[in-house]
Amino acid sequence: MEFDFSRVNLEYLLKARDLASRDPALAATILGASCELAELLAELTGGDLTHIALIKPPLLILRQEAWWWSRLFKAIREERSKELADIIKHASLVTVPEDDP
């Protein structure tokens with residue numbers, strides 16, 4: 001069964017971005033990310049984050065490595081559409097481990 005978390009991802013990152021704008025250190029702690037990554041998130045606009053709607057797997061936990069998030073935020077901010085498409089493809093390759101029965 002496949003689920004589409006794109007809207008939830010967008011809402012989540014909009015709230016995370018608002019928190020990072022007010023307090024990057026707190027956002028970094030809550031997100032389990034570096035302050036640098038929280039600061040990159042804080043710089044994104046709501047329009048920038050609409051690219052997140054292309055990512056269907058859940059992003060509610062930072063299950064990707066920090067380099068992936070940094071690359072995603074920079075590609076969005078710098079409007080590098082080819083790189084953004086590659087990053088989004090990579091998101092769908094990551095799977096969430098299933099519990100053993």
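Values quoted throughout were computed directly from the atomic coordinates according to the rules given, and no laboratory measurement underlies them. Since the model is a prediction, treat every value here as computed from it, not as a measurement. Note: ideal-geometry Cβ built from the backbone for every residue, glycine included; neighbour counts use all protein chains shown.
Condition check ((1) surrounded by 15 or more Cβ atoms within 10 Å (Cβ to Cβ); (2) part of a helix (DSSP H, G or I)) across all residues:
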{"residue": "Phe3", "(1), (2)": "no, no"}
{"residue": "Arg7", "(1), (2)": "no, yes"}
{"residue": "Lys15", "(1), (2)": "no, yes"}
{"residue": "Ser21", "(1), (2)": "yes, yes"}
{"residue": "Ala33", "(1), (2)": "yes, no"}
{"residue": "Pro58", "(1), (2)": "yes, no"}
{"residue": "Ser70", "(1), (2)": "yes, yes"}
{"residue": "Phe73", "(1), (2)": "yes, yes"}
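For the criterion of being farther than 25 Å from Glu2 by Cα, in a loop (DSSP other than H, G, I, E, B) and either among the acidic types (Asp, Glu) or without any contact (Cβ under 8 Å) to a residue 24 or more places away in the chain (or both), Glu39 fails. Among the residues of the stretch 42-56, count how many are farther than 17 Å from Ser6 by Cβ and surrounded by 14 or more Cβ atoms within 10 Å (Cβ to Cβ). Of the residues in that region, 2 qualify.
For the stretch 52-68, the criterion of a residue being of a type outside the set (Gly, Ala, Ser) and in contact with a His (Cβ under 9 Å, 6 or more places away or on another chain) is satisfied by at least one position.
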